[in-house]
Amino acid sequence: MPEASAPDSEGAIETRGLEPVPDHERSGRVRELFPTWVAANISVLLLTMGAGLVVFNGLNFWQVLAVAVAGPVVSYGLVGLISIAGKRGGSPGMALSRAVFGQRGNLFPGSLIWVARWGWETINAVTGAYAVLTVLDLLFGIKSNTTLIVVTLLLFVGCTFLVSGLGINALRRCSTWSTYFFGAFSVLVLVYLIAGTDWSAVFAKPAGSTAMMIAGIGTIAAGGISWVPSGPDFTRYLPRTASGRALVSTTVGGAGVVVLPMVVMGAVMAVSTPDLASAADPVSFIGELLPTWIAVPYLLIALIGMLLINSMSMYSAGFTAQTLGIKVPRAWAVSVNAVISLIFGFLLMVVATSFFGSFISFLTLLAVAFSAWIGVFGVDMLSRRTYDGEALMDTTRTSGYWYRAGFAWQAMVAWGVALVAGLLFTKVDWFTGPLAGSWIGRNGLGWAATVVVAALLYAVLPRTKPVAPAATPEPRAEAGREAEPAGNLSV
């Protein structure tokens, strides 16, 4: 039987699940995406990553600046492009993925992406807990201990669960206000750094290799790539006539306005304090580098940002869990991820010896896991203009997206081969692929190779057409709405 529809999403709590948003409820605006993607990047980990570009990659100021521009353009350009599928189909990304992989086939990439989200949410939960511990130390002199670690993790994950459970409206409101506050204090921190930095030492640093620049772009881009499958989750309430070009540019702009200054700030900090790049607790370093009157409010606002990052991730994870057959309301589906992030977060804070090493290893593997899906889904999206909402929700043999035994074998083959290919070029702390020493591997481009292999293979394989798709006619752009110019990406 087809999956039952949930109630409409009006009100404080979003109750809509996987089912497509009807046209009469699509009152969203493209400009609302800007604070969403600003909030998705409010993390002090960007400072650590910027410091890593100087300490580990050996880049100078101008190279870091180039990396900080290219990273979000590449990764959030992909987020914006895949987000177009959300306004076309009105469903979350992993529900739309059923049209590509088949009702059963979608369980494989869906499961991998769901598991990958556990790591992303764990990293953010740990960073948020570190922020709380640092503020407690700065204000009251309370030092970290195991009990306090557990309490702060519980507090952070509990707040995350609350916001993500409320749904899209709560996320939009929180994102807007956090954007204002974080922007104001980031300017304050930037002014302080400009005034107190030895700029002669910053500009005297010699240039690093081109290979390390390319690897740095991959590192910065990896965080954005993890949001690609979630892109449609935040555009499903946009009208079909919303501009695809505006959608992409707004997504890139929202992310870039945070990533660029944060990465550069981290690089500047690393010139005088290189230990920032390898600190076991990267957040406490911020408290040492900045005066208390700046550090405390800055960390509190960053804490809110990290809470929103996790809330957005859990919001999408709830949809992914539903596509895997976990038959509970979306608000409760996120509870599984909340519990897992608590357990893994405790292990990372108490057991792990290198936070930065664990973080970069995770980002590298995460990028490969998501990139295989991106290549297949992206090629399919470029070749279709509509999704059959009824077939998406029907998980039985009667579904138009059942294909052969529930699998679209072309998509499955392309995805599986690309995933293996990407791992061959990948090197992390505890895993080295046999091709990691090649040019692609040395430059950290395993994720890019994954996208290319998946896209090319899926493009050349003969595809099975869905059975009797019930396509919704594309409405014409109305006067006064965010219409899409001719020749742009559209529904």
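The values are calculated or read from the model by the stated rules, or taken from the named source; none is laboratory data. All of these numbers come straight from a predicted model, not from anything done at the bench. No Cβ is skipped: glycine too gets one built from the backbone with ideal geometry, and neighbour counts run over all protein chains shown. The area values use the complete protein model at the heavy-atom level, side chains included, leaving out ligands, DNA and RNA. Shrake-Rupley method; radii C 1.70, N 1.55, O 1.52, S 1.80 Å.
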Point to revise | Sequence of 258, 451 from largest to smallest accessible area, 1.4 Å probe | key: 451, 258
Study note, to complete from the structure: Heavy-atom accessible area per residue of the chain, all protein chains kept, 1.4 Å probe, expressed in Å², is 39 Å²
Check your understanding: For the chain, what does -39500 (n - 2.57) per DSSP helix run (n ≥ 4), summed and divided by total residues, give at 222 nm, in deg cm²/dmol to the nearest 500?
Key -> -22000 deg cm²/dmol
Study note, to complete from the structure: Carbon/sulfur accessible area of region 168-241, % of total, 1.4 Å probe, equals 71 percent
Review point. What residue among 50, 28, 138 has its Cα farthest toward the positive end of the dipole of the chain, where the charges are +1 on Lys, Arg and -1 on Asp, Glu, each on the Cβ?
Key: 28
Review point. Rank 108, 370, 185, 34 by accessible area, highest first, at a 1.4 Å probe radius?
Key: 108, 34, 185, 370
Review point. To the nearest 10 Å², what's residue 407's accessible area with a 1.4 Å probe?
Key: 70 Å²
Check your understanding: Each residue of region 388-396 in order: what ³J(HN,Hα) in whole Hz does its phi give by Karplus 6.51 cos²θ - 1.76 cosθ + 1.60, θ = phi - 60°, with x for Gly and Pro?
Key -> 7, x, 5, 5, 4, 8, 8, 9, 9
Practice item. Among 342, 96, 67, pick out the residue whose Cα is farthest towards the positive end of the charge dipole of the chain, where Lys and Arg carry +1 and Asp and Glu carry -1 on C-beta, about the Cα centre. Key: 96
**Study point:** Accessible area (Å², 1.4 Å probe, nearest 10) - residue 120
**Key:** 30 Å²
Revision key, fill the gap. Dividing the mean separation of Cα pairs under 8 Å (6+ apart) by the residue count of the chain yields a relative contact order in percent of 31 percent
Exercise for review: Name the helices (complete DSSP H segments) of the chain with a Cα length along the long axis of 27 Å or more and a Kyte-Doolittle mean of at least -0.5, or state none.
Suggested key: 61-89, 107-140, 146-166, 168-196, 244-272, 292-323, 330-350, 355-383
**Study point:** Centre separation in Å (Cα based) which lies between region 143-167 and region 98-119
**Key:** 27 Å
Exercise for review: Work out the length of the dipole vector of the chain about its Cα centre, built from +1 on the beta-carbon of each Lys and Arg and -1 on the beta-carbon of each Asp and Glu, and round it to the nearest 20 debye.
Suggested key: 940 debye
Check your understanding: Over region 14-53, what percent of the accessible surface lies on carbon and sulfur atoms, probe 1.4 Å?
Key -> 55 percent
Exercise for review: Extending each Cα 7 Å along its Cβ direction at residue 203 and residue 169, get the distance between those two points in nm, one decimal.
Suggested key: 5.3 nm
